[in-house]
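*Asks:* I am attaching a structure below and will ask some questions about it afterwards.
The values are calculated or read from the model by the stated rules, or taken from the named source; none is laboratory data. Model, not experiment: these values are computed from the prediction. Please note: Cβ atoms are built from the backbone with ideal geometry, for glycine as well, and neighbour counts cover all protein chains shown. Ligands, DNA and RNA are excluded from the accessible area calculation, which covers all protein heavy atoms including side chains. Shrake-Rupley method; radii C 1.70, N 1.55, O 1.52, S 1.80 Å.
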Amino acid sequence: MPLSPDELTQISALTLAHYQSSAEDFREGTRDHDVSQNIAALLRHIEGEKPWRILDFGCGPGRDLRTFSGLGHTAIGLDGCAEFVTMARADSGCEVWQQSFLELDLPAGHFDGIFANASLFHVPDQELPRVLSQLQAALKPGGVLFSSNPRGENQEGWNGPRYGSYHDLERWRARLTAAGFVELEHYYRPAGLPRDQQPWLASVWRRVA
């Protein structure tokens, strides 16, 4: 059964409330996570003159905004959690927009790259085509989207106080292709482990010009 507008509102509100209430613990728990492999995967595919304009979609407390900014790029963050937005602005010095993933208002053709690290899995599958189309439209022609999500067998639902949608590679490919992207690469994380110990699916996509 499709999720109703009220159910979508509840999914967004409760998931954001969880992050709001645990923002400091989340910042401390993820401060030292090494996502350099993911950042490099995005940047190596972006074309055009630097500095690049990069949207950190679901930027959380701002860890990766600092990295992109430190590399000389113009980094803009986006998160639905008010506390994360406050933290990210203070810690990175970057512009950060407070927007729910289900109520995006993005400028068209604005970004060279979008970094969606551990964020898009919070979008219910029925809403994913719309959200991906909005991200595609926010990229410049030829722009690049990176995503990393906990993989699954195309199930979704509540995981404690957070809602998640867990795709396998085939479903994810279908969603991205339908939204106007072409695949550049994919890999599983953490690197160097057997597949059953790699819960994360990372992929890189280019907007079809």
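*Asks:* Name the single residue, out of those in region 115-163 being of a type in the set (Val, Ile, Thr) and in contact (Cβ under 8 Å) with a residue 40 or more places away in the chain, that is nearest to Ser100 (Cα to Cα).
*Replies:* The first filter runs over region 115-163 and keeps only residues of a type in the set (Val, Ile, Thr), leaving 123, 131, 144.
Of the ones still in play, those that are also in contact (Cβ under 8 Å) with a residue 40 or more places away in the chain are 123, 144.
Working: Val123: 10, Val144: 21 Å.
Going through the qualifying residues, I end up with Val123.
*Asks:* Restricting to region 75-117, name every residue that is more than 25 Å from Val208 (Cβ to Cβ), touching a Gly at 6+ places or on another chain (Cβ under 7 Å) and among the small types (Gly, Ala, Ser).
*Replies:* Hits for region 75-117 are Gly77, Ala88, Ser92, Ser100.
*Asks:* Looking at (1) buried (at least 18 other Cβ atoms within 10 Å of the Cβ); (2) at positive phi, which is the only condition Leu145 fails?
*Replies:* (2)
*Asks:* How many residues does region 81-101 hold that are out of contact with any Leu (no Cβ under 6 Å at 6 or more places or on another chain), under 19 Å from Leu8 (Cβ atoms) and not in a strand (DSSP E or B)?
*Replies:* 2
*Asks:* Looking at (1) without any contact (Cβ under 8 Å) to a residue 60 or more places away in the chain; (2) over 14 Å from the mean Cα position of the chain (by Cα); (3) farther than 25 Å from Pro141 by Cβ; (4) open to solvent by less than 20 Å² (accessible area, probe 1.4 Å), can you tell me which one Gly93 breaks?
*Replies:* (4)
*Asks:* If you scan region 19-53, which residues turn out to be in contact with a helix residue (DSSP H, G or I) (Cβ under 7 Å, 6 or more places away or on another chain) and open to solvent by 40 Å² or more (accessible area, probe 1.4 Å)?
*Replies:* Here is the first cut: in region 19-53, the ones in contact with a helix residue (DSSP H, G or I) (Cβ under 7 Å, 6 or more places away or on another chain) are 19-20, 23, 26-27, 30-31, 35, 39.
Within region 19-53, Gln20, Phe26, Arg27, Arg31 meet the criteria.
*Asks:* Moving on to the next point. Restricting attention to region 2-26, report how many residues are closer than 14 Å to Ala82 by Cβ, in a helix (DSSP H, G or I) and of a type outside the set (Phe, Trp, Tyr).
*Replies:* Step one: filter region 2-26 for residues closer than 14 Å to Ala82 by Cβ, giving 12-13, 15-24, 26.
Subsequent filtering for residues that are in a helix (DSSP H, G or I) retains 12-13, 15-21, 23-24, 26.
Okay, now just the ones that are also of a type outside the set (Phe, Trp, Tyr), so 12-13, 15-18, 20-21, 23-24.
The number of residues fulfilling the criteria is 10.
Each row is one residue, and each column tells you yes or no for (1) modelled with pLDDT under 95; (2) within 21 Å of Val35 (Cα to Cα); (3) open to solvent by less than 30 Å² (accessible area, probe 1.4 Å); (4) of a type in the set (Phe, Trp, Tyr).
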site	(1), (2), (3), (4)
Cys59	no, yes, yes, no
Glu83	no, no, no, no
Trp97	no, no, no, yes
Phe121	no, yes, yes, yes
Gly157	no, no, yes, no
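*Asks:* Applying the selection to region 175-201, what residues are over 30 Å from Ala17 (Cα atoms), open to solvent by 50 Å² or more (accessible area, probe 1.4 Å) and either in contact with a His (Cβ under 9 Å, 6 or more places away or on another chain) or hydroxyl-bearing (Ser, Thr, Tyr) (or both)?
*Replies:* Correct list: Thr177, Leu184.
*Asks:* Based on what the data block shows, is Leu78 in a strand (DSSP E or B), open to solvent by less than 30 Å² (accessible area, probe 1.4 Å), within 21 Å of Gly142 (Cα to Cα) and not acidic (Asp, Glu)?
*Replies:* Numbers: in a strand (DSSP E or B): yes; open to solvent by less than 30 Å² (accessible area, probe 1.4 Å): yes; within 21 Å of Gly142 (Cα to Cα): no; not acidic (Asp, Glu): yes.
Answer is no for this residue.
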